[in-house]
Amino acid sequence: MDLQINNISIIIVLYKPIDFNLDKTINATLLSNKHKLVIVDNTPNQNLKIENSEQIIYIPLLENKGIAEAQNIGINLSINIGADYIVFFDQDSLIPPNYITNILDCFLIIKKKYPNLATIGPRIIDKNNKLENRSRLRKSSAIKDFLICGQIISSGSIIPTEIINKVGLMKSDLFIDYVDLEWCWRAKSLGYICGQTTFIYMDHKIGSHELKIGKYTIGVSAIPRYYYIYRNYIKLMFINYVPIRWKISHGVRLFFRIFYFPIILDNGREVLKNMIRGIRDGIFNKK
């Protein structure tokens with residue numbers, strides 16, 4: 001397969017990066033002169049002084065506009081420079097060798113069987129516990145190593161720009177949480193499918209850290225995230241293409257967390273305040 005005919009844009013969103021390695025990222029992604037690396041920096045008052053070139057574009061936003069808006073800025077730029085496909089990464093994703101080539105190969109093979117394919121992502125291995133992060137809404141397909149999923153996370157995913165033009169950009173008002181899920185659900189409502197190739201895996205950090213209570217392990221997010229988790233859940237409750245099964249199961253989970261997260265977490269009172277603010281602003285539809 002000749003990848004030279006495909007213009008691929010790799011979008012990476014940064015936010016207060018600690019161990020982001022530009023050289024390593026370049027080596028892992030820029031395998032062809034048709035590949036462009038677009039780095040959108042959400043870190044307030046930060047400019048890494050990365051020199052722009054024919055293949056590397058660095059956009060310091062100098063404020064945190066949220067991952068959705070940062071991705072949209074990268075998407076619009078990628079479309080303007082003629083990208084056929086966009087591959088998304090977070091700053092803490094460990095990009096395997098030849099990842100760009102492999103994910104595109106898988107997409108093109110699967111699309112022959114499923115012409116309505118919108119996006120695929122890899123198997124995600126949580127860097128916190130080395131366990132696979134599995135979508136609860138997935139089923140087998142007619143292709144080996146491919147699962148049809150209700151939603152996938154954006155990091156590691158590939159989307160043709162022609163599909164983005166039809167489905168639309170990310171919902172910037174969500175800011176951060178559930179942005180990738182909402183896009184998948186919206187695509188599905190338009191007749192597309194999303195999926196996961198089990199042929200490729202990628203290490204990715206999910207959540208801030210984990211808390212072990214007896215035999216149970218609980219994923220913990222950064223304190224400010226609880227505002228967006230609860231606010232965005234309320235927002236998504238009123239969108240008809242969001243799966244009812246997700247609304248119920250996730251709603252039950254969030255409901256009980258209001259009672260025990262403030263008790264078991266450090267800074268539990270701050271967590272509770274963010275939850276309550278999120279619920280309030282979600283109900284009154286505040287951005």
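Here, each number is a calculation from the coordinates, and none is a lab measurement. Remember, it's a predicted structure, so these values are computed and weren't measured experimentally. When we count neighbours, we look across all protein chains shown, and the Cβ atoms used for this are built from the backbone with ideal geometry, even at glycine.
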Mind checking the dipole of segment 210-276: about its Cα centre, +1 per Lys or Arg Cβ, -1 per Asp or Glu Cβ, Debye to the nearest 20? 180
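Taking the Cβ of each residue in Leu48, Leu14 as the centre, tally the other Cβ atoms inside 10 Å and list the residues starting with the fewest. Numbers along the way, then the final one.
Values: Leu48 13, Leu14 20.
In increasing order of surrounding Cβ atoms, one gets Leu48, Leu14.
In nm², what is the average projected area of the convex hull enclosing the Cα atoms of the chain?
Value for the chain: 15.2 nm².
What's the magnitude of the charge dipole for the chain around its Cα centre, counting Lys and Arg as +1 and Asp and Glu as -1 at the beta-carbon? Answer in Debye, nearest 20. Could you put the intermediate results ahead of the total?
Details: 37 positive and 25 negative charges, 284 e Å.
In debye, rounded to 20, the chain gives about 1360.
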Among Ile11, Ile81, Ile100: highest mean-square fluctuation, GNM of the chain, C-alpha pairs under 10 Å: Ile81
Integer Hz, Karplus 6.51/-1.76/1.60 couplings in order for segment 79-90, x for Gly and Pro: 5, 5, 9, x, 5, 8, 9, 10, 10, 9, 9, 8
Would you calculate, for the chain, the mean residue ellipticity at 222 nm contributed by helices, counting each DSSP H stretch of 4 or more residues as -39,500 (n - 2.57) and dividing by all residues, to the nearest 500? -11500 deg cm²/dmol
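Dipole of segment 1-50, Cα-centred, from +1 at each Lys and Arg C-beta and -1 at each Asp and Glu C-beta, to the nearest 20 debye?
Using only the charged Cβ atoms, the result is roughly 100 debye.
Neighbouring Cβ atoms within 10 Å as the yardstick, rank Lys36, Lys112 fewest first. Could the numbers behind the result be given before it?
On the way: Lys36 24, Lys112 9.
Ordered from fewest to most neighbouring Cβ atoms within 10 Å, Lys36, Lys112 come out as Lys112, Lys36.
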Using Cα springs under 10 Å in a Gaussian network model of the chain, which residue among Tyr58, Tyr178, Tyr260 shows the largest mean-square fluctuation? Tyr260
Can you give me the long-range amide H partners of Asp203? Hydrogens built in the peptide plane at 1.01 Å from N, cutoff under 5 Å, separation of 5 or more residues or another chain. Leu94, Ile125
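Calculate the tail of P(r) for segment 209-283: the fraction of all Cα-Cα distances greater than 14 Å, expressed in %. Kindly include the intermediate steps, with their values, before the conclusion.
Numbers: 1715 of 2775 pairs.
Roughly 62 percent, rounded to a whole number.
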Using a Gaussian network model of the chain with C-alpha springs under 10 Å, which one of Ile264, Ile110, Ile12 is most mobile by mean-square fluctuation? Ile264
Under 12 Å Cα to Cα from Lys34, which aspartates and glutamates show up? Leave out anything in the same chain fewer than 8 places away. Asp2, Glu54, Asp84
Pick out, from Ile234, Ile244, Gly278, the residue whose Cα sits farthest towards the positive end of the charge dipole of segment 209-283, with +1 on the Cβ of Lys and Arg and -1 on the Cβ of Asp and Glu. Ile244
With point charges of +1 on the Cβ of Lys and Arg and -1 on the Cβ of Asp and Glu, referenced to the Cα centre of segment 14-77, which listed residue (Ile18, Thr29, Ile59) lies farthest in the positive direction of the dipole? Thr29
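Based on other C-beta atoms within 10 Å, arrange Phe89, Phe261 from fewest to most.
Lowest count first: Phe261, Phe89.
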Relative to the longest principal axis of the chain, what angle (0 to 90°, nearest 10) does the C-alpha long axis of helix 99-113 take? 90
Which listed residue (Thr43, Tyr178, Ile75) has the Cα farthest towards the positive end of the charge dipole for the chain, taking +1 on Lys and Arg C-beta and -1 on Asp and Glu C-beta about the Cα centre? Tyr178
List every residue whose amide H lies under 5 Å from the amide H of Asn64, counting only residues 5 or more places away in sequence or on a different chain, with H placed 1.01 Å from N in the peptide plane. none
From the backbone phi of segment 34-49, what are the Karplus-calculated ³J(HN,Hα) couplings (6.51 cos²θ - 1.76 cosθ + 1.60, θ = phi - 60°) in whole Hz, Gly and Pro given as x? 8, 8, 10, 9, 10, 10, 10, 9, 8, 6, x, 6, 10, 9, 6, 6
